[in-house]
Amino acid sequence: MLATGIIFKHILASLSRILWGFSIACILGVAVGISIGFFSIPEAVGNPIIAATFPIPKIAILPLLILWLGIGEASKVAVIALGVFFPMVINVYTGVKNVDPLLIKAALSLGSNRARVIRKVILPSILPMIFAGMKLGIGIALLLVVAAEMVAADAGIGFMILTAADLMQTKKLMVGLILLSLLGIFFNWLFQKLERLFIPWRQSS
């Protein structure tokens with residue numbers, strides 16, 4: 001069985017890549033989703049691009065990312081960010097389109113500019129869709145981190161699973177799979193707590 005210190009080393013390596021890629025994707029996904037959902041020109045330009053690039057398997061882009069960004073952390077973080085970015089954009093865009101247009105018109109008629117409308121009307125309204133995108137995205141991040149760590153990595157859960165499979169170490173392989181399941185449970189619990197914190201009116205309705 002793996003020593004506890006080695007297990008924590010693999011967990012921390014994977015968590016670092018997941019959190020970086022996930023955070024970048026969430027920030028960009030919310031910004032792009034609001035832009036194409038609220039403004040007509042970004043919507044006309046962005047929708048076809050997203051429709052064309054979303055179906056591409058993100059792990060298939062990993063060799064290109066390695067060529068462009070090298071075999072270090074950047075390419076691994078980038079493939080995770082790409083995978084999480086699309087569900088975030090699509091969920092945010094859908095949320096913006098479902099905001100009551102009367103609320104937006106009322107805010108504009110009362111003198112609010114578009115930036116204030118986004119901050120005070122749209123963002124609170126789309127919070128449930130943002131969290132839905134985050135829950136979906138973290139699952140994708142866990143899948144992609146394993147695949148990314150199977151290429152030019154010396155630590156991480158994916159690296160541990162690959163080496164265990166190559167050496168036919170079934171106990172080590174099972175530890176890696178259990179760790180992924182526990183991380184999935186942890187992140188699901190975390191997002192439920194955050195959702196209750198940031199959207200208390202949804203829980204009480």
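Brief remarks follow.
- Across segment 106-118, coupling constants 3J(HN,Hα) worked out from phi with the 6.51/-1.76/1.60 Karplus curve, θ = phi - 60°, read 5, 5, 5, 5, 8, x, 6, 7, 5, 4, 5, 4, 4 Hz, and Gly and Pro carry x.
- Ordering 155-161, 181-187, 11-17, 49-55 by mean Cβ neighbour count within 10 Å, with the highest value first, yields 155-161, 11-17, 181-187, 49-55.
- Segment 43-51 - phi-based ³J(HN,Hα) in whole Hz, Karplus 6.51/-1.76/1.60, Gly and Pro as x: 5, 5, 7, x, 4, x, 5, 5, 4
- The share of Cα pairs per 5 Å bin across segment 143-205, counted from zero up to the longest distance, runs 4, 17, 19, 16, 12, 8, 8, 7, 6, 3, 1 percent.
- Pairs of Lys residues in the chain, spaced 8 or more positions apart or belonging to different chains, with C-alpha separations under 23 angstrom: 13 in total.
- Positive contributions from Lys and Arg (+1) and negative ones from Asp and Glu (-1), summed over other residues with Cβ under 14 Å from the Cβ of Ile185, come out at +2.
- In sequence order, segment 174-184 has phi-based couplings of 5, 4, x, 5, 5, 4, 4, 5, 5, 5, x Hz under the Karplus curve 6.51 cos²θ - 1.76 cosθ + 1.60, θ = phi - 60°, and Gly or Pro positions carry x.
- Charged side chains reduced to their Cβ positions (Lys and Arg at +1, Asp and Glu at -1) give the chain a dipole of some 600 debye around its Cα centre.
- Farthest toward the positive end of the dipole of segment 138-205, out of Gln192, Val145, Ser181, is the Cα of Gln192, where the dipole comes from beta carbon charges about the Cα centre.
- The calculated P(r) of the chain, using every Cα pair and 10 Å bins from 0, goes 8, 30, 30, 19, 9, 3, 0 in percent.
- Taking the fewest neighbouring Cβ atoms within 10 Å as the starting point, the ordered list for Ile59, Ile138, Ile126 is Ile59, Ile138, Ile126.
Readers should treat all values here as calculations from the given coordinates under stated rules, not as data from a laboratory. Predicted, not measured: the structure shown is a model, and the values here were computed from it. Please note: Cβ atoms are built from the backbone with ideal geometry, for glycine as well, and neighbour counts cover all protein chains shown.
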